[in-house]
Amino acid sequence: MASIRAFSNNPYQENTYILYDDSGECAIIDPGMYTAAEQNAVVNFISSNQLKPVLLLNTHCHIDHVLGNKFVFDQYGLKPQFHEGELVVLQAMPVWAQQSGIRYELSPLPDTYLPESGTITFGNTTLELIFAPGHSPAHLCFYSKDDALLVGGDVLFSGSIGRTDLPGGNHTQLLQNIREKLFTLPSNVVVYPGHGPETTIGLERETNPFFG
């Protein structure tokens, strides 16, 4: 069984996730660590639980989700993995950071890009890739069927959805992907979003105000 730990990081209050299982291996997903204190909290959790980071995953490459990519690379030697369609987003982030007054250490580039579908594995955990653009051009969600959990990035939130007014955003596409790819998952699947508290597929299917 996999366990998950969330850390709220950076001025955007982005959720960084450590996903780990009884093998001792873990995946770091959307590292948004910005301050030394935020970096220390993640490192201390990993070391105190004797975890071995083996994957660095980005759901997408907006600034708040990649601020810690360079730190994770320096600390653990891991390069990020994301869909190649997000590369254009990542390459725009230095200018974005400058305009936003955010310090940004350049993220390393992937050796391996993730496909639109398929699986990635670490330890005893298998994550299915769900391609759900709309908030960003090539956004991926990571779904563990065995653990009934979805690391969803900025697609679906508790009572809300990802914003679509940023470059590469598409409101109609986002709604369609949530309906066809997320709302078709079992009701008990817990959604761990990029911001705010977790929710469930069933609750959002029934009560999310963006879906009538």
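In the set G159, G152, G169, only one residue is on the phi > 0 side of the Ramachandran plot and of a type outside the set (D, E); that residue is G159. Residues that are more than 16 Å from the chain's Cα centre (by Cα) and polar (S, T, N, Q) were ranked within region 178-209; the one that is nearest to V151 (Cα to Cα) is T200. Criterion applied to Q91, Q50, Q75, Q98 was being open to solvent by 40 Å² or more (accessible area, probe 1.4 Å), assigned to a loop (DSSP other than H, G, I, E, B) and out of contact with any helix residue (DSSP H, G or I) (no Cβ under 6 Å at 6 or more places or on another chain), and the one residue passing it is Q50. If you go through region 125-134 and keep only what is touching a strand residue (DSSP E or B) at 6+ places or on another chain (Cβ under 7 Å), open to solvent by less than 10 Å² (accessible area, probe 1.4 Å) and closer than 19 Å to V66 by Cα, you end up with just A132. Counting only residues that are surrounded by 15 or more Cβ atoms within 10 Å (Cβ to Cβ), of a type outside the set (F, W, Y) and outside any strand (DSSP E or B), region 109-119 holds 1 of them.
Given the structure, is F122 open to solvent by 60 Å² or more (accessible area, probe 1.4 Å) and of a type in the set (F, W, Y)?
Values: open to solvent by 60 Å² or more (accessible area, probe 1.4 Å): no; of a type in the set (F, W, Y): yes.
The answer is no for F122.
Being assigned to a loop (DSSP other than H, G, I, E, B), under 28 Å from A132 (Cα atoms) and of a type in the set (A, V, I, L, M) is the requirement here; does L55 meet it?
Working: assigned to a loop (DSSP other than H, G, I, E, B): no; under 28 Å from A132 (Cα atoms): yes; of a type in the set (A, V, I, L, M): yes.
No; evaluated as a whole, the condition is false for this residue.
Taking P137 as the residue in question, decide whether it is in contact with a helix residue (DSSP H, G or I) (Cβ under 6 Å, 6 or more places away or on another chain) and either closer than 20 Å to T16 by Cα or surrounded by fewer than 22 Cβ atoms within 10 Å (Cβ to Cβ) (or both).
On the way: in contact with a helix residue (DSSP H, G or I) (Cβ under 6 Å, 6 or more places away or on another chain): yes; either closer than 20 Å to T16 by Cα or surrounded by fewer than 22 Cβ atoms within 10 Å (Cβ to Cβ) (or both): yes.
Judged against the criteria, P137 is a match.
A count restricted to region 58-72 and to residues that are touching a strand residue (DSSP E or B) at 6+ places or on another chain (Cβ under 8 Å) and either in a loop (DSSP other than H, G, I, E, B) or open to solvent by 50 Å² or more (accessible area, probe 1.4 Å) (or both) stands at 5.
The values are calculated or read from the model by the stated rules, or taken from the named source; none is laboratory data. None of these values were measured; they are calculated from a predicted model. Note: ideal-geometry Cβ built from the backbone for every residue, glycine included; neighbour counts use all protein chains shown. These accessible areas exclude ligands, DNA and RNA; they are computed on the full protein's heavy atoms, side chains included. Shrake-Rupley method; radii C 1.70, N 1.55, O 1.52, S 1.80 Å.
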